[in-house]
Each structure stands twice: as C-alpha cells, then as structure tokens.
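Worksheet for the structure shown next.
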Amino acid sequence: MNIILKDGSTRTLNQGATGLDLATAISKSLLKDALVMRVDGALLDLTHPLHDGAQVEIITRSHPAALDVIRHDVAHLLAEAAKELYGDDLQITIGPAIDNGFYYDFARKTPFTPEDLEKLEKRMAEIVDRDEPITREVWDRDNAVAFFKSIGEHYKAEIINDLPAGEPISLYRQGNFIDLCRGPHAPSTKKVGKAFKLLKLAGAYWRGDSKNAMLQRVYGTAWADDTQLKDYLFKLEEAEKRDHRKLGKEMDLFHMQEEAAGSVFWHPKGWTIYQTLKKYMRQKLEKAEYVEVNTPELVDRKLWEASGHWEKFGQNMFTVQAEEGRTLAIKPMNCPCHVQIFKQGSKSYRDLPLRMGEFGSCHRNEPSGAMHGLMRVRRFVQDDAHIFCTEDQITSETKSFCSLLLGIYKDFGFNDVIVKFSDRPEVRAGTDAVWDKAEESLKKAVGEAGLAYTLNPGEGAFYGPKLEFVLRDAIGRDWQCGTLQVDFVLPERLDASYIAEDGQKHRPVMLHRAIFGSIERFIGVLIEHYAGRFPLWLAPVQTVITTVTGDADAYAQQVFEKLKNAGIRTEMDLRNEKISYKIREHSLAKVPYIIVLGKQEAENGTVVLRMLGRQDQLTLSLGEGIDRLQKEAQSPGHE
RNA sequence: GCCGCCGUGGCUCAGUGGUAGAGCACACCCUUGGUAAGGGUGAGGUCGAGGGUUCGAUUCUCUCCGGCGGCACCA
C-alpha cells in the first residue's frame, strides 16, 4: 500500500504496516524521536495500522504537537506511580495535559504530603527507565465498567458509563497499570523522557462541581527536553520575583491586614500611583467626551431588587441595617445609580450617546478563598462608565471604545490584546429575543472595529453579552482587565427612557464598560508587568537626591527645592552613609533616577543623574536636568 | 465556601513540652567616604486568637481568624 508523507512523497509499505514500520523505513533517528503520528489529520498511536493512501506525518518530540502528548504521557506515569505507591488507598480519576504541564486527580483518604511528591517523582523516573510498552486496547463498554469496578476504580467506571454511546472504549496499558484513555500515547515509557517535575498539591472537586467530593490534584510540568524544563522553571522563578504582593511590601506601596480582609491599605507611595492612574484616565475620558459623576455607596435594597441584583447576586452584597428596619446595600457596582442620574429630567435622543463615568468605590463579598492580593479584593474602584445610547449607536460606540482601550493599553506597553466574546449565561435576565438582538449588535460592532475574538460561551453577564479584553504582560501572562457589556435589560427594569425623533418614549441601551477594570487589580498587573520598575511618570518616587559627603548638603537642599517646584516627586537622603550604600538602597527601592551630588557638582552647579540599573550616568546643568526629568515624567499623551 | 499547607521581633526565616534565636531594618556612637552593604554598641517578641491535655504549651490537640497553592465562585 502507499502512504503519502508530509512533503508529498510516497512510501510503499506492506499491508497492515503501522506508524512504527513507516518510521523504521524512513530512518533510524526518526524512529528514535517518533512519539505519535498524524494520519489524515488525526493524532494516533504509532502502533496503529495504516491504510492505503493515508497522509501521514510522524510527530517527533520536537514537534509542537508533541508537547500535549508528552504531558498526557507523564500524567499516566504519575498515575502509575501513584497506584504502585499508594494503590490500596487510592483511586485514579482524570489527568489531562494543560498549559505548561498536566495534572492528575486522585481520590485518596490520606492527604498527599510534599514528601510524597518526591517519592512519586522518583518512581515516575523509574517507570521511564523500565521502558514499559504502552499499548492500546479497545474494550466492550460493559466489560470495561465491570473491570474497573472489580479493581475498585469507581470513578473510572462512572466516566465510562457517562461516555456517549458509540464512543469506543479505549484502554491503555503500561506495565501493570491500565487506564481508560482516548490517547494517543508514545509507544513506550522510555520515549516519554524525564523532562518533568511535580510542582504542587491542591484540592479539586470531582467533575469541577463544588457539590461533589474533593479530590487531591497533583500538578506537574513536562517538556520535550531538559532545556525547556529549565527555562520554564526559571520563568516561574521570575514570576515569583515579580509577585505584586511581595513587591508591594518591599516598595512600601500598600498592605492588607486581617481586620479588613480583602481591602487595601494604600500607603503614600502606592496611593501616588493610584492617583496618577486616575488622573491619566480622567484626561483620556474627558477627551473621549465622557462626563464624570459620583453616586452613593449605601443604597436601599429596593433599588437592587428592581435592578435584579438582589435576586441574582444578593449573596455577594454587603448589607447594612439602617433605622426602622430599612436595609441598605453597599453598592457592588455603579450601574443602577447611573440610571438614576440618567432618569433625572427628561432625556432627548439629542442627549445620546451619554457617556457617564465614575470612579466609584464598590464592595463585593468575595468568598474567602477567592481573595488574592490586589488581584481579587472585596473593595475596589473601577474606571467604570455607562454609555446610554440608541441601538443604532452600539456599533459606533463599541468601535470608539475599542480604539480608546487599545490606545490606553499601548501607553503601558501592552500591545498584545486578546478579545473574548461571552454570550448568554444560563442564569440571566431578559428574553431570548432581547439576547438575540444584543449578541448580534455586539458581534457586528466587534467585526466593524476590526478585532478578532474568541468565543467564550455562557460567560456573559446576567443582563447582557460582553467583550472581555485580555492583555499580555511583559513575561507573557494574560490578564483580563477591560470589558464592554451590552445591556438591554437594566434600562427596562429601572424604567429609563428618552424621547426619540418620533416624539415617543424609547428605551436606551446601556453599554457597561471599563478599561483598567479595577484600579487595584490594574496596579497589581502593572507591578508585575514592570517588575516594580515603573516608568518615570508612574514611579511614586521619581528621584532621590543624595550626597557624597556633608559638604554638598546645602547645594542638595537647593536642588531639592527646585525639583519639587518643577513637580518632580523627589526625596532627599543626606544620611551619613557611604555613597555606595545609599545607591544600593535606592536602587533596590527601584527609584528611576538617583541624583548624586558632591563637591564638584556644588561648585559647577550641575547634577549627576544615575538611571536605575545602569552604571553610566549623565552630568547635566541643573536646568537641563530638570527639563529632562519634567519631560520624561509627563504621562503618555499629555499635552 | 471546599481540600492541603502555613501564622515566631518592622522584614525574611531558624528553633524547642521547662515562657526564644539569626540576618536585614531601627536607635546611638565612631567613620566625611565619588557610584550596589564601613565599624561598634543597643533596643525590640504575651511565638495569630480562644479553649483542652499537662506540674508546665510558642511547641501536642480542638475551634476560630488570616495568609499561601489550587478548586468552586467572579454581576
């Protein structure tokens, strides 16, 4: 029979030949590196028989498609090792490949310990050395269920029972270990290699449902070779160094404490960043013709009942008992209040689109386990705004919002932005007809804005579909920050209207939108993105003036006053310490410019600018120095 | 909220069934030194909170609170 290879050439093989036979026929080195193969577009085991006319690509370990196979293989190594070590007390469940690695969920009464991870890892390496052949078998469904039940693997039996009828039940065997699995897998455990590492233990619900039993999940990473593994582990270390919780403490930006779990105590330096960002955003919004408002934080539950929040999200709202049994809720979002402002006086179509922004303080009672530094808090401020517009204006408003957002992200060096489109969730307000309309308008608008998007089914807000804007930071991690949500429901529920050209009352559409998302979270992202080394315009302390000896103190005082008057955020360090000591300290504090002054500078009226992390320095006249700093300290897009 | 781990001076961490240590930071003194740690002395902790076991608990145990890693959640 004839096999067509990737380069278009053909090979003639005997009837019934497998991928292994093909690889053997091509070259020894290919056979050595081959893991699986792609036949007519589908990944298969190399042991799978080929058919005449098949298009075949052998996937070697360096192939991009190999990583998932390797990770899946390693998950099986882990399961085999776990069965061998803890078999009496342990059931296997599922173990897929994920980004950068894999996990395996086990049901076991005894909790795993970190020492268990070491033991498991060792055993996995032994299994690789054993070079156990990995073979595929197709079983009859009932036999498979009975088999897994007989060996005490009830989770596996349940999975098989739930597989759609007609789906072949394939089992993979390696050594004494047998697992239900779709495959494909490498031909033997030796081929999987040892570029893996077990990383952490965690709990995870069976089938991802919090009503189900809690399983023990073991996470690991796996790669094609040791270099890739090392690179990844290095990257993890890098990410840890950038952790905003660690840097926030080191740089004295903010702190949290248990008396206010989930809320931030902003220190002067952190608050400077916060205010700078807010000021920057205000400028941008003003230019984009938004108006800014401010609304109450305590609002009667009646309004939340009317808006639908009480029913859908009441559990996450903090409430306060006011006099006479009146219940107030601390606002979890600003939209109902904005509708109240919109409703004051009568609105004409001429008033639309009305873009209403607020840096409103919101509280949400997040579950205790959800909190995470600045990234997930109970009290935060959004750069929130609601655009009241007509249906016809959805497209143009979405387009201009997208361009505003992309421009702003660019100012922070976020040039990679992914857009996700989330459509109707199961729990929702509004009729299907309204949802059809909302989803359709939003899709059209994104298309016209020229943005590609991926679909995020069922993830929309309860009142409407949404766009989520995900940015990629300096070390390649994704953060969801911006959002735009189309809402036909809230104006209806809260009875907002405007008078259209026909003289009749019409419902406006609301677009809920944010660019930073929560300012708290955005600062967290920025700290990690910049690794604490903020650009000058954001740096809480822009320069520190420090002297070589006390002789220059008087001159330093002059420079300090001038810089302050020029609006530069400056600190002075006249301590009786060696200059290298002071430079080290301020460098570690990530101050962008250290200004070193000594006798020479005092005599010549100059300043020496030392940029963070650089050895070379700039000697300028005081005037030039101030000009330079002032220019660089302006926020992007400043006029 | 769920599973596991953790909670010791301002910070990072060690340690023990007989009420505690290190480094850095801090204070004072000496040192006036030109680009990433000069030296000395000193002060500082009811060992997360509350019960229990014990002659005695920071240490063992339970409950609670908070943090960390995930899961679930995320308007």
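The values are calculated or read from the model by the stated rules, or taken from the named source; none is laboratory data. Keep in mind the model is a prediction, meaning the values are calculated, not measured. Don't worry about glycine lacking a Cβ; one is built from the backbone with ideal geometry, like all the others, and counts go over all protein chains shown.
Structure notes:
- Among (1) among the small types (Gly, Ala, Ser); (2) surrounded by 12 or more Cβ atoms within 10 Å (Cβ to Cβ); (3) farther than 27 Å from A:Trp223 by Cβ; (4) in contact (Cβ under 8 Å) with a residue 24 or more places away in the chain, the one test that A:Gly16 misses: (2)
- Residue selection: A:Trp266 satisfies the criterion of being buried (at least 17 other Cβ atoms within 10 Å of the Cβ), more than 9 Å from RNA strand B (Cβ to nearest atom) and without any contact (Cβ under 8 Å) to a residue 24 or more places away in the chain.
- A:Gly175 within 23 Å of A:Lys32 (Cβ to Cβ), over 38 Å from the mean Cα position of the chain (by Cα) and not hydrophobic (A, V, I, L, M, F, W, C): yes
- Near pairs, Cβ below 7 angstrom, 6+ apart or cross-chain, from segment A:600-622 (within 17 Å of A:Leu588 (Cα to Cα)) to any residue that is of a type in the set (Ser, Thr, Tyr): A:Leu609/A:Tyr593; A:Arg610/A:Tyr593; A:Met611/A:Tyr593; A:Leu612/A:Ser587
- Verdict on A:Val559 being under 30 Å from A:Val264 (Cα atoms) and buried (at least 18 other Cβ atoms within 10 Å of the Cβ): no
- Scanning segment A:563-580 for residues that are of a type outside the set (S, T, N, Q), more than 16 Å from RNA strand B (Cβ to nearest atom) and under 19 Å from A:Gly605 (Cα atoms) yields A:Leu563, A:Lys564, A:Ala566, A:Ile568.
- Among the residues of segment A:43-60, not a single one is surrounded by fewer than 15 Cβ atoms within 10 Å (Cβ to Cβ) and in a helix (DSSP H, G or I).
- Residue check for A:Pro367: modelled with pLDDT of 95 or more and either crowded, with 18+ Cβ neighbours inside 10 Å or in the same structural domain as A:Arg521 (by TED's automatic domain parsing) (or both): no
- Reported count of residues in segment A:536-557, each being closer than 21 Å to A:Arg628 by Cβ, of a type in the set (A, V, I, L, M, F, W, C) and in contact with a strand residue (DSSP E or B) (Cβ under 8 Å, 6 or more places away or on another chain), is 6.
- Yes/no for A:Asp129 being surrounded by fewer than 17 Cβ atoms within 10 Å (Cβ to Cβ), out of contact with any Lys or Arg (no Cβ under 9 Å at 6 or more places or on another chain) and not hydrophobic (A, V, I, L, M, F, W, C): no
- Tabulated pairs, segment A:496-521, first farther than 22 Å from A:Lys437 by Cβ and in contact (Cβ under 8 Å) with a residue 60 or more places away in the chain, second of a type in the set (Gly, Ala, Ser) and buried (at least 22 other Cβ atoms within 10 Å of the Cβ), C-beta under 7 angstrom, 6+ apart or interchain: A:Ala514/A:Gly482; A:Ile515/A:Gly482; A:Gly517/A:Gly482
- Search result, residues across segment A:585-608 that are in contact with a helix residue (DSSP H, G or I) (Cβ under 6 Å, 6 or more places away or on another chain) and more than 8 Å from RNA strand B (Cβ to nearest atom): A:Gly605, A:Val607
- Counting residues in segment A:549-557 that are in the same structural domain as A:Lys590 (by TED's automatic domain parsing), part of a loop (DSSP other than H, G, I, E, B) and more than 10 Å from RNA strand B (Cβ to nearest atom) gives zero.
One line per residue, one yes/no per condition, for (1) surrounded by 16 or more Cβ atoms within 10 Å (Cβ to Cβ); (2) within 19 Å of A:Ile94 (Cβ to Cβ); (3) within 16 Å of RNA strand B (Cβ to nearest atom):
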{"position": "A:Thr110", "(1), (2), (3)": "no, no, yes"}
{"position": "A:Ala144", "(1), (2), (3)": "yes, yes, no"}
{"position": "A:His154", "(1), (2), (3)": "no, yes, no"}
{"position": "A:Ala157", "(1), (2), (3)": "yes, yes, no"}
{"position": "A:Leu171", "(1), (2), (3)": "yes, yes, no"}
{"position": "A:Ile178", "(1), (2), (3)": "yes, yes, no"}
{"position": "A:Lys194", "(1), (2), (3)": "yes, no, no"}
{"position": "A:Leu199", "(1), (2), (3)": "yes, yes, yes"}
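- For segment A:386-441, residues that are farther than 16 Å from A:Leu471 by Cα and of a type outside the set (D, E, K, R) total 22.
- Just one of (1) surrounded by 15 or more Cβ atoms within 10 Å (Cβ to Cβ); (2) assigned to a helix (DSSP H, G or I); (3) within 24 Å of the chain's Cα centre (by Cα) fails for A:Glu238. It is (1).
- Residue satisfying all of: in segment A:86-103; part of a strand (DSSP E or B) and within 12 Å of RNA strand B (Cβ to nearest atom); farthest from A:Gly208 (Cα to Cα) among these: A:Gly101
- Lone unmet requirement of (1) buried (at least 17 other Cβ atoms within 10 Å of the Cβ); (2) more than 14 Å from RNA strand B (Cβ to nearest atom) for A:His338: (2)
- The listed residues are A:Ala288, A:Ala222, and the only one of them that is surrounded by 13 or more Cβ atoms within 10 Å (Cβ to Cβ) and under 27 Å from the mean Cα position of the chain (by Cα) turns out to be A:Ala222.
- Scanning segment A:245-262 for residues that are at negative phi and either within 10 Å of RNA strand B (Cβ to nearest atom) or part of a strand (DSSP E or B) (or both) gives A:Arg245, A:Lys246, A:Lys249, A:Glu250, A:Phe254, A:His255, A:Met256, A:Gln257, A:Glu258, A:Glu259, A:Ala260, A:Ala261.
- Being loosely packed, with under 15 Cβ neighbours inside 10 Å, of a type in the set (A, V, I, L, M) and out of contact with any helix residue (DSSP H, G or I) (no Cβ under 7 Å at 6 or more places or on another chain) is a condition met by no residue of segment A:570-584.
- Counting only residues that are basic (Lys, Arg), surrounded by 13 or more Cβ atoms within 10 Å (Cβ to Cβ) and more than 10 Å from RNA strand B (Cβ to nearest atom), segment A:341-364 holds 3 of them.
- Looking only at segment A:374-395, and only at residues there that are assigned to a helix (DSSP H, G or I) and in contact (Cβ under 8 Å) with a residue 40 or more places away in the chain, the one that is surrounded by the fewest Cβ atoms within 10 Å (Cβ to Cβ): A:Glu391
- Residues satisfying the stated conditions in segment A:348-373, i.e. in a strand (DSSP E or B) and either under 17 Å from A:Phe522 (Cα atoms) or in contact with a Gly (Cβ under 6 Å, 6 or more places away or on another chain) (or both): A:Glu358, A:Ser361, A:Cys362, A:His363, A:His372
- Residue satisfying all of: in segment A:587-611; crowded, with 19+ Cβ neighbours inside 10 Å and among the charged types (D, E, K, R); nearest to A:Asp627 (Cα to Cα) among these: A:Arg610
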